[in-house]
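The structure appears below as structure tokens.
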Amino acid sequence: MSNNIVNIPSVGPVTIVKSQRARLIRITINPDQSVRLTVPKRESVDNATRFLHSKIPWITKHQLRLSKLENAPTSLLQPEINERQAINTIISRLEELAEIHNFEYSRASIRNQKTKWGSCSAKNNISLNINLVRLPDQLRDYVILHELVHTRFKNHSKKFWSELDKVIGGSAKELSKKLKNYRLGGTV
């Protein structure tokens, strides 16, 4: 893996990382507003840089949002959470939803992540963000069910969304839009 840094006037420094594991060009905006461009090994850096330039409006929009959150008065921020209680709440709900909807997963872990609400590995290990306890119940369930559906569909195909719509009993994409209001960072 090799790294380069380029400076884009409206965005700032962008770290370009050539990755052996990545399959898609990916832009990540970190909570500190720094930007990372991940380039798959078979993709040219020039092509990835063109993609990056096409996403400058998206990047600046998210950087502005992060800046506003960073400068928000502390009274608007959520109070500290009880870590043990949060973990128990999330794991209990994961187990409950898996049982209700007949999903199986290998392992579950709870982490304090900065940009992701959850993930599901190829081996069906589910990782969930401890901050899910700060979300409304409907959105917390959406994230958990989203990852559980990934145990059956490893992508965001029509079949994935159809299955997710079925288990949530409504429009998963509508809940996905609502969840973006609570997001701290972003990835394209």
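The values are calculated or read from the model by the stated rules, or taken from the named source; none is laboratory data. Just so it is clear, the model here is predicted, and its values are computed rather than measured. Cβ sites come from the backbone with ideal geometry, for glycine too, and all protein chains shown count toward neighbours.
Residues to consider are LEU164, LEU148, LEU128, LEU132; find the one that is assigned by TED's automatic domain parsing to the domain that holds ILE87, within 19 Å of ARG93 (Cα to Cα) and not in a helix (DSSP H, G or I).
Values: LEU164 fails: not in a helix (DSSP H, G or I); LEU148 fails: not in a helix (DSSP H, G or I); LEU132 fails: not in a helix (DSSP H, G or I).
That would be LEU128, the only listed residue that is assigned by TED's automatic domain parsing to the domain that holds ILE87, within 19 Å of ARG93 (Cα to Cα) and not in a helix (DSSP H, G or I).
Can you report the number of residues in segment 115-132 which are within 21 Å of GLU80 (Cα to Cα) and buried (at least 20 other Cβ atoms within 10 Å of the Cβ)?
Residues meeting the conditions: 6.
Any residue in segment 8-20 that's without any contact (Cβ under 8 Å) to a residue 40 or more places away in the chain: show its pairings with residues that are outside any strand (DSSP E or B) and surrounded by 10 or more Cβ atoms within 10 Å (Cβ to Cβ) at Cβ separation under 6 Å, as long as the two are six or more apart or on different chains.
Filtered contacts from segment 8-20: SER19/MET1; GLN20/LYS41.
Please list, ordered by first then second residue, the pairs with beta carbon atoms under 7 Å, 6 or more apart or interchain, first in segment 21-43 and at positive phi, second outside any strand (DSSP E or B) and of a type outside the set (S, T, N, Q).
Sorted first by the residue in segment 21-43, then by its partner, the pairs are GLN33/LEU66.
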